[in-house]
Amino acid sequence: MNDEKQFSYPDKKIIEREITAIVKKGKIERESFPRLLLSMYRQIGVRFLIRDRKEISIAVTMAVILMFAVLTSGQERYESSSSFYGIIMLVSPILYGVLSLLPFLHSKINGTFEVEMTCKYNLYQLAAFRMLIFSVFCFLLNTVWVLAMAMKFSTVHFVQAFMISTTSLLIFSLLFLYVFTVLKKMITKVAAVMSWIGLNALFVFIDSVVYQQLLVSVPWYLYGIVICLSAYLFLKKIKEFIIQNQREGAISYVNS
Amino acid sequence: MLTVNSVSKDFGNFPVLQDIQLEFSNGVYGLLAPNGAGKTTLIKMLTTLLFPTKGEILYEGQTIFSMGERYRDLIGYLPQNFGYYKNYNPNQYLQYLAALKGISKQAANEKIPQLLKLVALEDAIKKKMGKFSGGMIQRVGIAQAMLNDPKILILDEPTAGLDPKERVRFRNLLSDLARDRIVILSTHIVSDVESIANEIIMIKDKRVLYKDSIQSICQQLDGKVYEIEMDFDQVKAFRKNFLSLSERQDNGRMNIRFIAEENIRPEWKRVKPTLEDVFLYQYQDKEVEQKV
Ligand SMILES: Nc1ncnc2c1ncn2[C@@H]1O[C@H](COP(=O)(O)OP(=O)(O)OP(=O)(O)O)[C@@H](O)[C@H]1O
Ligand SMILES: [Mg+2]
């Protein structure tokens with residue numbers, strides 16, 4: 001009976017310290033998004049973030065050659081005042097899409113997915129980080145191109161072309177992320193990206209006049225709003241992708 | 001402590017595992033079951049690759065899926081089909097995985113040569129993995145799983161493709177490692193786990209059949225395993241009546257190890273049951289089952 005009374009409680013300070021330690025352990029604490037990005041960058045480094053340098057250079061070179069070809073050999077047609085806008089809208093998203101898909105394709109082909117998905121920083125996080133980098137890269141490349149186009153062709157207006165192509169790139173990046181989280185199978189993902197590009201290309205080549213009239217007639221402030229909104233959503237989605245990609249099993253099977 | 005709490009897994013309408021209840025603390029656990037029993041499925045859930053259809057998996061009381069990278073930081077995993085990049089040498093591949101695992105470059109530079117030595121690959125350190133043999137790839141896989149000094153080491157058929165010498169080396173390695181961590185390895189080769197596992201987990205008909213020490217699992221066959229010598233022409237008839245566990249030729253006669261549960265004859269030599277006997281007994285073909 002007396003045993004209970006004789007039990008000596010530890011010092012109040014020790015108790016408090018232990019409690020904070022226990023609570024800290026129990027809480028699901030995560031780094032803030034920019035900090036996570038920074039530590040990911042420091043940890044993984046450019047060497048492995050951009051592991052597939054060869055494929056990336058090929059894709060970028062091809063895009064640059066295409067851009068250059070349009071710039072140097074493009075014929076201005078005065079009847080359709082802006083025949084280049086459709087092409088401007090297409091090139092950067094395609095480049096972005098290819099660059100973003102590469103890690104998944106590599107992983108699929110070599111069967112490294114399971115190992116890469118169970119590491120501290122997994123393939124999804126790596127891919128999302130790359131998407132962030134490549135979206136900025138594609139944006140810059142695109143801007144330079146549009147600027148050059150505007151200087152060469154009188155029918156291309158820089159602000160308008162810049163707005164249109166940036167909107168296109170952002171909407172595509174956003175769609176790409178949604179497609180990625182919603183569709184589970186590699187084939188359906190690739191198919192979805194392909195059909196978006198195909199649809200746009202169809203507009204450009206089949207009925208370019210109506211399509212481009214539509215692009216040009218949208219007022220600039222509307223483009224501005226769409227750009228801000230989709231940039232915000234893109235960042236939000238990337239963040240989700242990096243931070244909460246593991247609420248489900250990494251391999252999700254389509255039940256059918 | 002890693003807890004699997006009433007976990008079920010279906011693929012579409014096809015149930016693979018049902019109501020699995022398991023607890024792991026430090027030590028070696030051998031996951032022993034025949035092909036298609038669901039070993040890999042269970043392991044993929046433990047490594048967050050698959051989400052259970054029902055139930056939950058907890059580490060220290062938290063579901064592993066909500067722990068995210070904090071859980072992945074704790075595990076080392078060798079998949080059954082270990083993939084690699086052909087143009088990397090083992091050092092480059094391990095550097096890459098070390099980067100993903102959050103290991104500093106300095107620590108990786110120290111650890112990788114040690115690990116490659118441990119799996120006897122120090123001579124192949126500069127060779128492209130595309131030129132490796134199956135067993136060599138597997139050994140890179142084992143090294144990779146131990147890179148981050150994991151608290152939970154999960155290996156799916158780690159000894160597949162290893163020669164006897166490497167098997168022994170691997171076994172010794174594991175028993176050293178298991179002192180302060182959870183090691184779970186799946187296999188259908190009984191001798192792989194017989195000497196090192198603290199506990200054996202057997203899965204049968206989608207459920208856990210046993211999770212126990214080898215000794216207690218073998219106890220159920222005490223007094224039921226016998227050996228007998230006979231002429232070749234008698235063997236066929238004998239197989240019809242008893243579950244034959246192993247047969248070997250000896251000086252022109254057959255030595256048969258078998259299970260008998262009743263009508264024991266005094267000329268049969270009683271032997272101590274092994275884990276392999278239990279495995280064969282539990283997973284025998286349906287037609288044979290009726291004989292015993
Ligand atoms: N992705 C999947 N879709 C549908 N069924 C699956 C899938 N993966 C596994 N299965 C089924 O689940 C069952 C268990 O498979 P699992 O790979 O877990 O077995 P295992 O015990 O690892 O076998 P093995 O010893 O051959 O590796 C099998 O019947 C298999 O056909
Ligand atoms: Mg398997």
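The values are calculated or read from the model by the stated rules, or taken from the named source; none is laboratory data. No experiment lies behind these values; they were computed from the predicted model shown. Neighbour counts are summed over all protein chains in view; Cβ atoms, including those assigned to glycine, are modelled from backbone coordinates with ideal geometry.
So that you can scan it fast, the table gives a plain yes or no per residue for (1) surrounded by 15 or more Cβ atoms within 10 Å (Cβ to Cβ); (2) under 27 Å from A:Cys119 (Cβ atoms):
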{"site": "A:Phe134", "(1), (2)": "yes, yes"}
{"site": "A:Thr143", "(1), (2)": "yes, no"}
{"site": "A:Val146", "(1), (2)": "yes, no"}
{"site": "A:Val159", "(1), (2)": "no, no"}
{"site": "A:Ser168", "(1), (2)": "yes, no"}
{"site": "A:Tyr232", "(1), (2)": "no, no"}
{"site": "A:Leu235", "(1), (2)": "no, yes"}
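Evaluating B:Tyr85 against the criteria (1) within 24 Å of B:Arg169 (Cα to Cα); (2) part of a loop (DSSP other than H, G, I, E, B) leaves one unmet condition, (1). Given the residues A:Met117, A:Met163, A:Met149, A:Met194, which is the only one that is under 30 Å from B:Gly102 (Cα atoms) and either in contact with a Lys or Arg (Cβ under 6 Å, 6 or more places away or on another chain) or of a type outside the set (S, T, N, Q) (or both)? Going through A:Met117, A:Met163, A:Met149, A:Met194 in turn, just one is under 30 Å from B:Gly102 (Cα atoms) and either in contact with a Lys or Arg (Cβ under 6 Å, 6 or more places away or on another chain) or of a type outside the set (S, T, N, Q) (or both): A:Met117.
Do you know which residues across segment B:202-225 are among the hydrophobic types (A, V, I, L, M, F, W, C) and farther than 16 Å from B:Leu174 by Cβ? Correct list: B:Met202, B:Ile203, B:Val208, B:Leu209, B:Ile217, B:Cys218, B:Leu221, B:Val225. Considering the conditions (1) touching a residue at least 40 places away in the same chain (Cβ under 8 Å); (2) among the hydrophobic types (A, V, I, L, M, F, W, C); (3) away from ligand 1 (no atom under 16 Å from the Cβ), B:Leu155 is excluded by exactly one of them, (3). Please go through segment B:144-161 and give me each residue that is away from ligand 2 (no atom under 16 Å from the Cβ), part of a loop (DSSP other than H, G, I, E, B) and touching a helix residue (DSSP H, G or I) at 6+ places or on another chain (Cβ under 7 Å), ordered by number. Answer for segment B:144-161, where residues must be away from ligand 2 (no atom under 16 Å from the Cβ), part of a loop (DSSP other than H, G, I, E, B) and touching a helix residue (DSSP H, G or I) at 6+ places or on another chain (Cβ under 7 Å): B:Met146, B:Leu147.
Here B:Lys127 meets each of (1) assigned to a loop (DSSP other than H, G, I, E, B); (2) more than 14 Å from ligand 1 (Cβ to nearest atom); (3) within 14 Å of chain A (Cβ to nearest Cβ) with one exception, condition (3). For segment B:75-92, a tally of residues being within 26 Å of the chain's Cα centre (by Cα) and within 9 Å of another protein chain (Cβ to nearest Cβ) returns 11. Determine, yes or no, whether B:Lys44 is outside any strand (DSSP E or B), more than 16 Å from ligand 2 (Cβ to nearest atom) and charged (D, E, K, R). Against the criterion (outside any strand (DSSP E or B), more than 16 Å from ligand 2 (Cβ to nearest atom) and charged (D, E, K, R)), B:Lys44 does not qualify.
Of everything in segment B:16-37 that is at positive phi and away from ligand 2 (no atom under 12 Å from the Cβ), the residue that is nearest to the other protein chains (Cβ to nearest Cβ) is B:Asp19. In segment A:237-256, of all residues being over 18 Å from A:Cys119 (Cα atoms) and of a type in the set (S, T, N, Q), the one that is modelled with the lowest pLDDT corresponds to A:Ser256.
Inspect segment B:14-25 for any residue being surrounded by fewer than 16 Cβ atoms within 10 Å (Cβ to Cβ), within 12 Å of ligand 1 (Cβ to nearest atom), of a type in the set (A, V, I, L, M, F, W, C) and not assigned by TED's automatic domain parsing to the domain that holds B:Phe279 and give the result as yes or no. Yes, the conditions are met somewhere in segment B:14-25.
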